[in-house]
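Beneath this line is the structure, given in structure tokens, with notes to follow.
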Amino acid sequence: MALEVRKQCKYYYRSRRINGRVVKEYVGAGPAAESAAQLDREARVQRRRQRDQELQQLLALAALAKQVDRTIEKSELVLAATLLAADYRQHRGEWRRKRDDRTQ
């Protein structure tokens, strides 16, 4: 997006991509061009703020997910210790109660 000065007059053009090619679109001249350029600048700043805010939210969610993963790992460790203390064993990923080796 460019505010161009030609022969002491300001013209505003927007650059857009259409089918992979950059195409300039004439918006206006004079004060109308300046106000259109200002509106586009404000919209660009707003989009950048929105992107930054979304990035911050994603980073916060990633940190929260990491905490949840650590909590799950710790709880699985506590569960395994409890089951081992209760005379269970793990067979192919499944917890089973140990058999008595005594024969009657």
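Every residue, every condition in (1) in contact (Cβ under 8 Å) with a residue 12 or more places away in the chain; (2) surrounded by fewer than 10 Cβ atoms within 10 Å (Cβ to Cβ), yes or no:
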| site | (1), (2) |
| --- | --- |
| Lys7 | no, yes |
| Lys10 | yes, no |
| Tyr26 | yes, no |
| Ala37 | yes, no |
| Gln56 | no, no |
| Thr82 | no, no |
| Arg92 | no, yes |
| Trp95 | yes, no |
| Arg99 | no, yes |
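Would you tally the residues in the stretch 4-49 being of a type in the set (A, V, I, L, M) and touching a strand residue (DSSP E or B) at 6+ places or on another chain (Cβ under 9 Å)?
Result for the stretch 4-49: 9.
Can you go through Ala65, Ala81, Ala60, Ala43 and tell me which one is among the small types (Gly, Ala, Ser), at pLDDT 90 or above and within 30 Å of Arg96 (Cα to Cα)?
Details: Ala65 fails: within 30 Å of Arg96 (Cα to Cα); Ala60 fails: within 30 Å of Arg96 (Cα to Cα); Ala43 fails: within 30 Å of Arg96 (Cα to Cα).
The conditions single out Ala81.
The values are calculated or read from the model by the stated rules, or taken from the named source; none is laboratory data. Model, not experiment: these values are computed from the prediction. Heads up, the Cβs are rebuilt from the backbone with ideal geometry, glycines too, and the neighbour counts pull from every protein chain shown.
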